[in-house]
Each structure stands twice: as C-alpha cells, then as structure tokens.
1. To the nearest 0.05, what FRET efficiency results for HIS52 and THR75 with a Förster distance of 22 Å applied to their C-beta separation?
2. Which of the GluC sites (Glu not before Pro) found in region 2-50 are loop residues per DSSP with 16 or fewer other Cβ atoms within 10 Å of their Cβ?
3. With the dipole of region 16-101 worked out from charges on the C-beta (+1 for Lys and Arg, -1 for Asp and Glu) around the Cα centre, which of ASN31, LEU62, PRO19 lies farthest toward the positive end?
4. Which of these, ASP61, ASP95, ASP43, has the largest mean-square fluctuation under a Gaussian network model of the chain (Cα springs below 10 Å)?
5. Could you give the angle, 0 to 90 degrees to the nearest 10, between helix 20-33's Cα long axis and the longest principal axis of the Cα atoms of the chain?
6. Straight distance only, please: which lysines reach the Cα of LYS8 with their own Cα at less than 28 Å, same-chain residues fewer than 8 apart left out?
7. Using 7 Å Cα-to-Cβ label points, what is the ILE117/VAL59 separation (nm, one decimal)?
8. Scattering from the C-alpha atoms of region 1-95 alone, worked out with Debye: what is log10 I(q)/I(0) at q = 0.10, 0.11, 0.23 1/Å?
Amino acid sequence: MRTIAKNKVKLANHVSKLPLVIHSRLEKVRNESKHWHPIWTGDTGYVKFEVHGYPANHVVDLGKRLCTCQFWMLTRIPYVHACAALARVNKSLEDFFHKLVTIESYRETYQHHINPILG
C-alpha cells in the first residue's frame, strides 16, 4: 500500500510525456542512433526508410511502426533504427511510443487506492 501511495505522489509531480525509466532508455537509443544512416525509399508518404549501419541494414516503416529488427514490435518502444529515421524527418520520438509506456498509462494504473483492512 505504501508503494502505491509513493508512486502516486511521484506521478503527480511528473511533467514529461514518458516515465523516467523510459527517458533514460530513450537517451541511450538517441546516442546509439547517430551511428545509423537512414535512406528514404522514395515512397509518397515519406515513411519507409532503409537504415544502414553495422552489422546489418534494416527497413523501418514509420507509418506501421515496424522495423525489421522486431524490437519496436516487441517492446512498443522505437529502437535505434527507428530513431535514426525519425530524426531524418524531424519527428518527435516521444510521439511514436505505444500508449502503454506513456505516463498517462502509469497514472491510470495508480489512480485507484486500496482501502485498509482491520486486524
């Protein structure tokens, strides 16, 4: 019960769109994405990219939120390949996270309270 109350207080003071844990992961991904080079495939929506880097190249589809490394699909968090493509089109990385890893979802989780039990 104490943990829920502590988390509720932390969330009330949090102003970012993403939780702190996700923010730290996001900074690592941003730094690693500088080593990847996105090349636009020529589609009309400007959403498909071939991202070149070591050890392999990957295909990123920003419209479907998919990458051939499968990390984005599994975690719902864009990985370095998607981050490189998003930087190329000047889009915010925070807008491409799944709703479940946003601060709103965390707030919904802790909005309820537990009534104390006698005894």
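1. Numbers: r = 23 Å, r/R0 = 1.03.
After rounding, the FRET efficiency stands at 0.45.
2. none
3. PRO19
4. Comparing ASP61, ASP95, ASP43 in the GNM, the peak value goes to ASP43.
5. Taking the Cα atoms of the chain, the angle to 20-33 is about 10 degrees.
6. LYS17, LYS28, LYS99
7. Inter-label distance under the simple model: 5.4 nm.
8. -0.33, -0.38, -1.14
Read-outs: derived from the displayed coordinates by stated rules, not from any lab. Computed from a predicted structure; not experimentally measured. Every residue, glycine among them, receives a Cβ derived from its backbone with ideal geometry; neighbour counts consider all protein chains shown.
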